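The values are calculated or read from the model by the stated rules, or taken from the named source; none is laboratory data. If you're wondering where the values come from, they're calculated on a predicted model, not measured in any experiment. Heads up, the Cβs are rebuilt from the backbone with ideal geometry, glycines too, and the neighbour counts pull from every protein chain shown. Quick note on the areas: whole protein, heavy atoms, side chains included, nothing else; ligands and nucleic acids left out. Shrake-Rupley method; radii C 1.70, N 1.55, O 1.52, S 1.80 Å.
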Amino acid sequence: MSAAPSLRLSGRAAIGGVPIFGPVTLEAPAGAWTCLLGPSGVGKSTVLRLLAGLGEAVTFEGEIAAGDGAPLEGRVALMAQSDLLMPWLDVTANVMLGARLRGETPREDRARAVLARVGLAEHAGKRPEALSGGQRQRVALARTLLEDRPVVLLDEPFSALDARSRARMQHLSAELLAGRTVLHVTHDAGEAARLGRHVLLMSREGLETVTPPTCAPPRRFDAPETLAFQGRLLRQLMETL
Amino acid sequence: MSRAASLLGAGLLGLAAWQALVTLGDLPRFILPGPGLVLSTLWSSRALIAEHALVTIVEVLLGLGLGAACGFASAILLAASPLARALLRPMLVFSQAVPVFALAPILTLWLGYGLGSKVAMALLIIYFPVTSAFFDALMRTPPGWLELARVMNATPARTLWRIRVPAALPGFASGLRLAAVYAPIGAIIGEWVGASRGLGYLMLLANGRAKIDLMFAALIVLAVLALCLHAAIDAACRRLLGA
């Protein structure tokens, strides 16, 4: 992996003439986990799509840049709410999908290594339908890891999981994505309180930086400072428009 | 009741209704022969019927294979190229306005009385349903998968081959199931227009000689063949395409 750059998005966006957000300035520091928290419909996902280069439907006026000045294309990996696994491929082939799609020789040894890191070594030959929701999302994480991109964009990837799987998946992702620039869109204050090294609150008014507890994420979900911060975030979320 | 038992029951009921119609209506055997006579003709003419059935089977299978292959390739071409879509789709739709049956005499004129004109007829009749079902499925790939592929810097050709085609195989399977029903129709029409072999030819011949029992025997064999073909295609689709 090349060095992780910081991200900066500054400007306003509209879809079909309807304003989505802005003008706002969003900064995600290099090599750190930034949570973008906000209610539905304020344009969090649009921010992510613009950074991922999937914004053709969006009219964006402004600037999207990486801190090192190089283009973002080819340096971004995406994890969505849906695991986006191909049902006709087994777990290993799903993890190696990126290499196949680029015409590179897939490295099965490396695929098995990342599957072992997400704890799915014994499921390598199964089809996605044979896995639970949490396991499927771990395959998606393994696929993201194998892509080995310095910037990782997460679009509510844990929101469809049950509480236990979600907590374990949050911990695993924080551990395995450390050192990359992560921008994590979520509407869950608890998740932002656990995972965000930096937390941005997005509302119709714009962006606001909220300072999380100083201890390093992933924070314990039952630690008093995590819970207090979660409460504060939730209150601010309730008070925004 | 199990499936086999209900099928058997329905068959027996059908035969009984058929026999009742013949007996109660006092129908002469050159209008509607009874099931007993048809079955005995089926047995006594089994060599003749088998010989002609084999010809029809070859026509249907060739037409089905070629039509499915052409439909598969055309749908991929249409899905891959906007230019091909712009130019070929109106032609495809227009070609459907021409009744395929009306082409049978022309095909016989061009390709002769042999195998070629029947295979072409079966091919033509299944080409559109296969192309259309597969093409529609190719254009309906879940957008999340396509976006994932773009973020992974996939080339369009590889996205087509690795994601859009496998995701669309259930659509191809529905096209094939329709094709299994249509292909025998195409071959029989071809035989009616001009042939010297095949079940369709045998039926016309028997009709002309007032051998209505033979005609019905050939019809039953044709129906059984069509059912077997449909069941085989259905099983193959489930097994190979997972759909």
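What the table below lists for this structure:
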read-out	value
Contact order normalised by residue count of chain B, Cα under 8 Å, 6+ apart, percent	28
Proximal lysines relative to B:K118, as straight alpha-carbon distance under 29 Å, when same-chain residues fewer than 8 apart are discounted	B:K211
Between helix A:133-147 and chain A: long-axis angle, C-alpha atoms, 0 to 90°, nearest 10	90
Nitroxide proxy distance, nm - points 7 Å out along Cα→Cβ at A:H171 and B:D136	4.9
Charge dipole magnitude, Cβ of K and R +1, D and E -1 - chain A, Cα centre, debye nearest 20	460
DSSP loop trypsin sites (Lys or Arg not before Pro) with at most 14 other Cβ within 10 Å: longest gap in chain A	A:1-106
Dipole magnitude of the protein assembly as shown about its Cα centre (Cβ charges: Lys, Arg +1; Asp, Glu -1), debye to nearest 20	600
Relative contact order computed over chain A (Cα-Cα under 8 Å; 6+ residues apart), in percent	27
Computed E for B:L32/B:W110 - FRET, C-beta separation, R0 45 angstrom, nearest 0.05	0.75
Label-to-label distance, nm, for residues given as A:H187 and B:F94 (7 Å Cα→Cβ offset)	5.1
Longest site-free stretch - chain B; sites: trypsin sites (Lys or Arg not before Pro), DSSP loop, at most 16 other Cβ within 10 Å	B:30-139
Full-stretch length increase - A:T209, A:A121 - with 0.36 nm per residue and alpha-carbon distance subtracted	27.7 nm
Residues listed by number, the range A:11-26, amide nitrogen under 15 Å from A:E63 label point at 7 Å toward C-beta	A:11-12, A:24-26
Electrostatic dipole magnitude of the range B:123-229 [Cβ: Lys, Arg +1; Asp, Glu -1; Cα centre; debye, to 20]	240
Distance (nanometres) between label positions extended 7 Å along Cα→Cβ at B:L227 and A:E129	2.9
Under 17 Å from the Cα of A:K126 - aspartates and glutamates, other chains or at least 8 residues apart	A:D83, A:D90, A:E108, A:D109
Accessible surface of the range A:139-192, 1.4 Å probe, proportion on carbon and sulfur as whole %	46
Coil-residue GluC sites (Glu not before Pro) of the range A:94-183, DSSP, other Cβ within 10 Å capped at 15	A:E104
Chain B, accessible area per residue, ligands and nucleic acids excluded (1.4 Å, Å²)	53
Angle between chain A longest axis and helix A:163-176 axis [Cα atoms, degrees, rounded to 10]	80
Loop-located GluC sites (Glu not before Pro) in the range A:1-91 whose Cβ has at most 15 other Cβ within 10 Å (DSSP)	A:E56, A:E73
R0 of 30 Å, Cβ-Cβ distance B:T23-B:I220: FRET efficiency to nearest 0.05	0.95
Those residues of the range A:31-72 for which accessible area with every protein chain present is at least 10 Å² below the isolated value (1.4 Å probe)	A:R49, A:A52, A:L54, A:E56
